[in-house]
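A short write-up of the structure that comes next.
Bear in mind these aren't lab numbers, they're just calculated from the coordinates by the rules spelled out. None of these values were measured; they are calculated from a predicted model. Every residue, glycine among them, receives a Cβ derived from its backbone with ideal geometry; neighbour counts consider all protein chains shown.
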Ligand code: SF4
């Protein structure tokens, strides 16, 4: 009986888990130089556990990309994982840590896409004009048509006639809010580029793996999962990509965790967070909840993020209040 047969025999009675064992087994056989990103989040806990079940796991270089704003609980968890699985998880520092990016380029606000459009408009000295007249605005501000189309809601509707996420109306009352309250600080999504994307791509360029592994699940929300159709992608140039827990549902995760005794970081078990990422990221849907937990459990980090993202937090809160007020008015009147 092969190692894989043994593992399938001992696996929980769950087809998604069994399939992920088989596929991971095959990928570790097929590839020789593998990089696996470990974030310290719950999905990556499953991935490292899954990989370490196989003899070929010594082909894997585990890496943790440190953005410069990480929970102490996450860093501690990375150390715990190293001990538990007897592996090294290489820490890679950001090309520019998030606090430096925010100082140099501006702070992220609401979402990556919204921050991109706003930063382009700010670079053109946009005056948050109260108009949908694209021709007029293109005459006034040159060479920023894409962002002006966002402002004028000029992008076609999405599938099913839904409002396109490329248009400003995708975020209720954002245009009205910005006209009444133009941002007094620079907005930018550059921290994602310098603290996350570039650092990972530079590392891969240097290491030249033939397979990259990372944790994205189809069942989770957000733009990331929409970018992938399957758990595996072959690349014409560069490394192929494998997402071992792509098909896992919340229930699959729970089954796996219970069966194999996977432990998560204190961000989950003690702070009560549902997911982790860069600490205090203004894009996070649970941002306020995360800040409350941070203030209680990691007050130094809380002070740091309150400083780094100060303007964005204030602007976001003002926007949320504005939306609540306008929606209340609409309902009452
Ligand atoms: S996820 Fe948020 S905090 Fe992290 S790099 Fe991107 S915008 Fe910055």
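In what sequence do 131, 255 fall when counting other Cβ within 10 Å, fewest first?
Fewest-to-most ranking of 131, 255: 131, 255.
Provide Rg and Dmax in Å for the range 59-134, with only Cα atoms included in the calculation.
Considering the range 59-134 through its Cα atoms, Rg and Dmax are 19.4, 61 Å.
Mind pulling up the Rg/Rh value for the chain? Radius of gyration and Kirkwood radius, both on Cα.
1.01
For residue 228 and residue 123 in one chain, what is 0.36 nm times their gap in residues minus the Cα-Cα distance, to one decimal in nm?
Full extension of this stretch gives 34.6 nm more.
In percent, what relative contact order does the chain have, based on Cα pairs under 8 Å that are 6 or more apart in sequence?
24 percent
For the range 1-69, what mean projected area does the convex hull of the alpha carbons give, in nm²?
Across all orientations, the range 1-69 yields a mean hull projection of 5.2 nm².
Test of understanding: what is the full-extension gain from residue 2 to residue 330, defined as 0.36 nm times their sequence separation minus their Cα-Cα distance?
Contour length minus Cα-Cα distance gives 111.5 nm.
Which ordering of 150, 247 is given by a fewest-first count of other beta-carbon atoms within 10 Å?
By the 10 Å Cβ count, ascending: 247, 150.
Please give the calculated 222 nm ellipticity per residue for the chain, where each DSSP H segment of at least 4 residues contributes -39500 (n - 2.57) and the sum is spread over every residue; nearest 500 deg cm²/dmol?
Mean residue ellipticity, 222 nm, calculated: -14000 deg cm²/dmol.
When 259, 193 are ordered from fewest to most other Cβ atoms inside 10 Å of their Cβ, what list results?
Least crowded to most crowded, the residues run 259, 193.
Note down the nm distance, to one decimal, between modelled labels 7 Å out along Cα→Cβ at residue 55 and at residue 19.
Between residue 55 and residue 19, the simple spin-label model gives 2.8 nm.
Compute the distance in nm between two label points, each set 7 Å from the Cα along the Cα-to-Cβ direction, one at residue 323 and one at residue 75.
My value for the distance between the label points is 3.3 nm.
With each label point set 7 Å from Cα along the Cα-Cβ vector, what nm distance links residue 138 and residue 260?
My value for the distance between the label points is 5.3 nm.
For the range 132-201, state the semi-axes of the equivalent ellipsoid (square roots of 5 times the eigenvalues of the alpha-carbon gyration tensor), sorted largest first and rounded to whole angstrom.
Over the Cα atoms of the range 132-201, the semi-axes work out to 24, 18, 15 Å.
Out of the DSSP beta bridges found with both residues in the chain, what percent are antiparallel (nearest 5)?
10 percent
What FRET efficiency do you get for residue 86 and residue 286 if R0 is 41 Å and r is their Cβ-Cβ distance, rounded to the nearest 0.05?
FRET efficiency, residue 86 to residue 286: 0.75.
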